1. Just for the range 227-256: of the residues that are charged (D, E, K, R) and at pLDDT 95 or above, which one is nearest to VAL169 (Cα to Cα)?
2. ALA86 - would you say it is among the aliphatic types (A, V, I, L, M), over 16 Å from the mean Cα position of the chain (by Cα) and farther than 30 Å from GLU143 by Cα?
3. If I ask for residues that are modelled with pLDDT under 95 and part of a loop (DSSP other than H, G, I, E, B), which ones from the range 136-152 would you list?
4. Report, by residue number, each residue of the range 212-265 that is aromatic (Phe, Trp, Tyr) and within 15 Å of GLY150 (Cβ to Cβ).
5. Checking the condition surrounded by 15 or more Cβ atoms within 10 Å (Cβ to Cβ) and in contact (Cβ under 8 Å) with a residue 60 or more places away in the chain, which residue from ARG260, ARG219 passes?
6. Could you tell me which residue of the range 74-89 is surrounded by the most Cβ atoms within 10 Å (Cβ to Cβ), considering only residues that are part of a loop (DSSP other than H, G, I, E, B) and among the charged types (D, E, K, R)?
7. Output the residues belonging to the range 143-172 that are more than 17 Å from the chain's Cα centre (by Cα) and either more than 24 Å from ASN61 (Cβ to Cβ) or not hydrophobic (A, V, I, L, M, F, W, C) (or both).
Amino acid sequence: MKVIIPSKGRSQTISTHKLFTEYLVVVHNQEEFDAYLKNSSIDPDKLVNANCPFGVANIRNWILEHLVEDGEWFVMADDNHEFHIAVNEENYMNPICRDRRAFETKIEEVDFWKIANDTIKEAEKVGANLCGFAIVDNYFFREKKFRHVGFCVGKITLIKKTSLRFDAVMKAMDDYEFTAANLKRFGKVVINNYLFPIAKHNAPGGIGTYRERLNNKLRECRYLMDKYPKMFRYKTKAGCHPLAEIQMRFTSIKQVDKWRKTIGN
């Protein structure tokens, strides 16, 4: 399975590729390509110049069009992962885990692939084409292994290529939109709460710091609410603008099915 890492502005700080034996790092243009070539930790044969306009949705769509076959599953990961933690092997196959210590296991690549393949197996069983992982490291919110409705944060996702593409309007919240698009089209996603990627949030480079992305977030929250009526609500988050954070209203397939009937497909 391919691991594809879109990257921008982190030629010397990119780290996710160090966690995988096989990977592709995809950058926007020749200037960035040349800068990333100077990083000795990146295999030059695994560096790809998309030669596409800047924008996180643009590069994700280029990846879908040029690097992935129809029906193929692949890993799309942000470029700044430090390591991954997951429920330990002793507890992993349990549908519910309440052992706090079990969630603190730092895993190796071989463990990641076991979890990824298990997650895809669940997706194929329920008919989902997008998989995400835990959005917080707090074990209290991760007791249930699989959820089929929720936000698939773009830090790391498993995507099966379908006709869906990322909305090019999105500059900062593409993962919210792509999750919503999958729920609208297919009625479900898969979220495996037992794995959590450790990575800095709003770090320099990429789509920018919180301040740098704030105007886009304000615009895109409103856009998402208009595009997917009644799917999202504003979320109060400490230290954040009250109109720049949203959360999904739905927690069950039943709620999603009712919503889909209301808006049509």
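The values are calculated or read from the model by the stated rules, or taken from the named source; none is laboratory data. Predicted, not measured: the structure shown is a model, and the values here were computed from it. Here Cβ is always computed from backbone atoms with ideal geometry, including for glycine, and neighbour counts include all displayed protein chains.
1. Of everything passing the filter in the range 227-256, LYS227 is nearest to VAL169 (Cα to Cα).
2. Against the criterion (among the aliphatic types (A, V, I, L, M), over 16 Å from the mean Cα position of the chain (by Cα) and farther than 30 Å from GLU143 by Cα), ALA86 does not qualify.
3. VAL136, ASP137, ASN138, listed by residue number.
4. Of everything in the range 212-265, those that are aromatic (Phe, Trp, Tyr) and within 15 Å of GLY150 (Cβ to Cβ) turn out to be TYR228, PHE232, PHE250, TRP259.
5. ARG260
6. Taking the candidates together, the pick is ASP78.
7. Listed by number, the residues that qualify are GLU143, LYS144, LYS145, SER163.
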